[in-house]
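First up is the structure itself, then whatever we jot down about it.
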Amino acid sequence: MTRRTVRIAMNGVTGRMGYRQHLVRSVLAIRENGGLDLGDGSILWPEPVLVGRRDLALKAIAERHGLDEWTTDLDAVLTDASIDVYFDSQLTSAREAALRKAIAAGKHIYTEKPTATGLDGALDLARLAHAAGVRHGVVQDKLFLPGLLKLKRLVDGGYFGRILSVRGEFGYWVFEGDWQEAQRPSWNYRSEDGGGIVVDMFPHWEYVLNGLFGRVTSVQAHAVTHIPRRWDERGRPYDATADDAAYGIFELDGGAVAQINSSWAVRVNRDELVEFQVDGTEGSAVAGLRRCRVQHRAHTPKPVWNPDLPATETFRDQWQEVPDNGEFDNGFKTQWELFLRHVALGTPWEWDLLAGARGVQLAELGLRSSAEGRRLPVPELSL
């Protein structure tokens with residue numbers, strides 16, 4: 001087999017997500033597997049060039065993984081004709097400007113979300129990339145989780161009949177940082193730095209709902225800051241100016257209603273950190289990161305409300321596990337492979353910068369809905 005090299009400028013790999021999921025568990029994992037078999041007699045070999053603001057951190061990562069190239073000079077990387085793809089997992093507030101530069105330099109684009117801090121910027125990026133003729137993609141990793149892949153299998157197979165509702169619960173307790181170190185960076189809790197759970201999670205809910213059940217046609221949200229004071233990475237107190245919880249109702253094309261709670265101020269009493277319950281006329285399912293359980297219409301018990309007597313049924317035991325029926329790879333790696341095939345071969349691709357703009361739109365409308373206390377329509381977007 002012949003080997004084709006694709007050089008990828010990876011900006012933001014010193015951050016938790018950029019390093020763990022995108023560099024180590026995706027790009028380097030593809031290399032450890034011998035590259036990506038393109039099916040045409042060639043292997044695509046990803047060659048990462050590490051980009052960031054902290055030279056010592058970049059050097060340490062490069063040495064740890066036997067990589068040769070790293071730099072703090074983004075402009076120099078983007079003028080390098082040998083770079084094929086620009087990937088961005090920086091702070092949200094820095095992303096739009098970097099993506100604009102990369103598009104102008106003619107690089108293919110793969111990026112974390114949100115793609116911009118506002119809808120106008122996100123749509124402009126999509127239009128610029130389309131006009132430039134570069135291939136572009138946005139990370140939509142949750143669609144590739146084993147639990148949601150099983151859920152999509154059920155949807156595609158008509159298991160639910162007419163889908164009535166979707167209920168999602170996401171979140172966990174993020175420590176304030178005073179007596180235990182916080183699990184998330186402090187900028188997540190400062191709106192001036194692009195933080196907030198609506199900005200972070202509503203783009204996820206847009207592509208999950210759109211990809212599985214139908215386009216979001218309206219949103220009504222209530223965003224709050226439950227923990228107003230936190231401590232940063234150096235132990236310094238700061239005011240949390242961004243929302244850390246959001247309670248949303250989303251109407252979907254076709255009539256189903258989705259309710260999703262998102263919170264960094266909730267203690268987990270569920271099997272997984274995110275779970276979705278789907279109820280339909282013919283059956284229901286509960287899907288998380290990995291598991292998916294179902295209850296068909298024919299197997300649905302008949303509970304009777306009687307608060308004077310203790311419940312004798314174990315409701316969780318009345319659900320059936322959906323089998324894997326296959327092996328599931330890391331969701332980030334799976335989407336990376338699909339995008340690299342798209343770059344190399346022009347294979348079909350649907351998770352582009354316009355899809356990313358829909359996520360920014362939903363977050364923007366969610367915050368506006370919360371501020372104005374009303375339900376808002378979600379218009380369709382186009383280039």
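The values are calculated or read from the model by the stated rules, or taken from the named source; none is laboratory data. This one's a predicted model, so the numbers in the text were calculated from it and none came from an experiment. All Cβ positions, even for glycine, are placed from backbone atoms using ideal geometry, and neighbour counts span all protein chains on display.
Under the condition of being of a type in the set (D, E, K, R) and over 16 Å from R20 (Cα atoms), which residue from segment 60-71 is surrounded by the fewest Cβ atoms within 10 Å (Cβ to Cβ)?
Residues of segment 60-71 that are of a type in the set (D, E, K, R), as a first pass: 63-64, 68-69.
Next cut, over 16 Å from R20 (Cα atoms) only: 68-69.
Details: D68: 9, E69: 15.
Only one residue fits best here, namely D68.
If we only count helices (runs of 4 or more DSSP H) wholly inside segment 20-96, which ones have 2 or more residues that are within 20 Å of F339 (Cα to Cα) and touching a residue at least 24 places away in the same chain (Cβ under 8 Å)?
28-32
Just to be sure before I move on: is R374 assigned to a strand (DSSP E or B) and either touching a residue at least 24 places away in the same chain (Cβ under 8 Å) or not assigned by TED's automatic domain parsing to the domain that holds D156 (or both) in the structure I sent? Step through it out loud before you land on a result.
Details: assigned to a strand (DSSP E or B): no; either touching a residue at least 24 places away in the same chain (Cβ under 8 Å) or not assigned by TED's automatic domain parsing to the domain that holds D156 (or both): yes.
No.
Could you list, in sequence order, all residues of segment 293-305 that are crowded, with 17+ Cβ neighbours inside 10 Å and not polar (S, T, N, Q)?
The initial filter retains those residues of segment 293-305 that are crowded, with 17+ Cβ neighbours inside 10 Å, namely 293-295.
Residues satisfying the conditions are R293, V294.
Please find, within segment 335-350, the residue that is nearest to the chain's Cα centre (by Cα) out of those that are buried (at least 21 other Cβ atoms within 10 Å of the Cβ) and aromatic (F, W, Y).
Step by step, filter segment 335-350, then rank; the result is W336.
Kindly indicate the residue of segment 114-166 that is surrounded by fewer than 22 Cβ atoms within 10 Å (Cβ to Cβ) and part of a strand (DSSP E or B) and also farthest from the chain's Cα centre (by Cα) among those meeting that condition.
L164
Among (1) assigned to a helix (DSSP H, G or I); (2) touching a residue at least 40 places away in the same chain (Cβ under 8 Å); (3) surrounded by 15 or more Cβ atoms within 10 Å (Cβ to Cβ), where does E192 come up short?
(3)
Got a number for residues in segment 306-334 being aromatic (F, W, Y) and either loosely packed, with under 10 Cβ neighbours inside 10 Å or in a helix (DSSP H, G or I) (or both)? So that I can check it myself, show each step before the final result.
Quick first cut of segment 306-334, residues aromatic (F, W, Y) only: 315, 319, 328, 332.
Filter once more, keeping what is either loosely packed, with under 10 Cβ neighbours inside 10 Å or in a helix (DSSP H, G or I) (or both): 315, 332.
Number satisfying all stated conditions: 2.
Scan (1) touching a residue at least 24 places away in the same chain (Cβ under 8 Å); (2) out of contact with any Pro (no Cβ under 9 Å at 6 or more places or on another chain); (3) polar (S, T, N, Q) for the single condition T314 breaks and write down its number.
Of everything listed in (1) touching a residue at least 24 places away in the same chain (Cβ under 8 Å); (2) out of contact with any Pro (no Cβ under 9 Å at 6 or more places or on another chain); (3) polar (S, T, N, Q), T314 misses just condition (1).
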